[in-house]
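In what follows, a structure is listed as structure tokens, so that the remarks can point back to it.
We did not get these values from a lab; they are worked out from the coordinates using the rules stated. In this text the structure is predicted, and so the values were computed from the model without any measurement. When we count neighbours, we look across all protein chains shown, and the Cβ atoms used for this are built from the backbone with ideal geometry, even at glycine.
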Amino acid sequence: MLLDINHARIVHLEWELKLEKILIHGGEAVKVANHNECMLGSWLYTEGLKSYKHFPETMLLEGAHAQFHDLAQKVVNEHARGREQKAAEHFKQVQELSREIIFLLTKIEFRVIQRKKTVDKIKAPFRFVGNLFSKKKSDCEC
């Protein structure tokens with residue numbers, strides 16, 4: 001399973017907006033999936049941890065993502081019980097975790113891109129060296 005990191009970032013922002021909408025406008029409570037059942041969780045527990053556990057951000061992502069789901073459920077539960085202050089407190093934590101998840105996904109994406117560039121340099125060292133000398137200094141991707 002391949003993860004579209006841009007999509008994962010957007011999905012977490014959408015969840016934040018759903019919860020905010022519930023708190024501001026009321027409405028039906030949403031069902032919060034278990035942290036290993038959503039798109040990001042499915043990827044994390046099938047491929048992510050296997051392929052990227054050597055990135056410290058992946059392990060941090062696992063914890064932040066599980067916490068996000070727990071807190072999102074607390075927002076829904078507290079709102080349903082009419083405890084708006086408590087729901088708002090949990091929502092503030094959800095927002096912080098959402099930002100952290102987006103940051104960690106971006107860091108993982110950056111590490112994967114950097115690793116790919118390194119692999120490309122190793123696989124085709126002469127092409128890489130040739131590119132160094134054939135491009136203007138401002139065009140070099142090194």
Using the Cα gyration tensor of the range 5-132, the equivalent ellipsoid's semi-axes, largest first and to the nearest Å, work out to 38, 13, 11
Show me 16-29, 73-86, 95-108 ranked by packing, highest mean number of other Cβ atoms within 10 Å first.
95-108, 73-86, 16-29
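To the nearest 0.05, what FRET efficiency results for Phe103 and Arg83 with a Förster distance of 41 Å applied to their C-beta separation?
0.85
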Sticking with the crude label model, points 7 Å out along Cα→Cβ, report the distance from Arg115 to Ser51 in nm, one decimal please.
0.9
Step through the table entries Lys18/Lys116; Lys21/Lys74; Lys21/Lys50; Lys74/Lys107, compare each Cα-Cα distance with 24 Å, and write down the pairs that go over it.
Lys18/Lys116; Lys21/Lys50; Lys74/Lys107
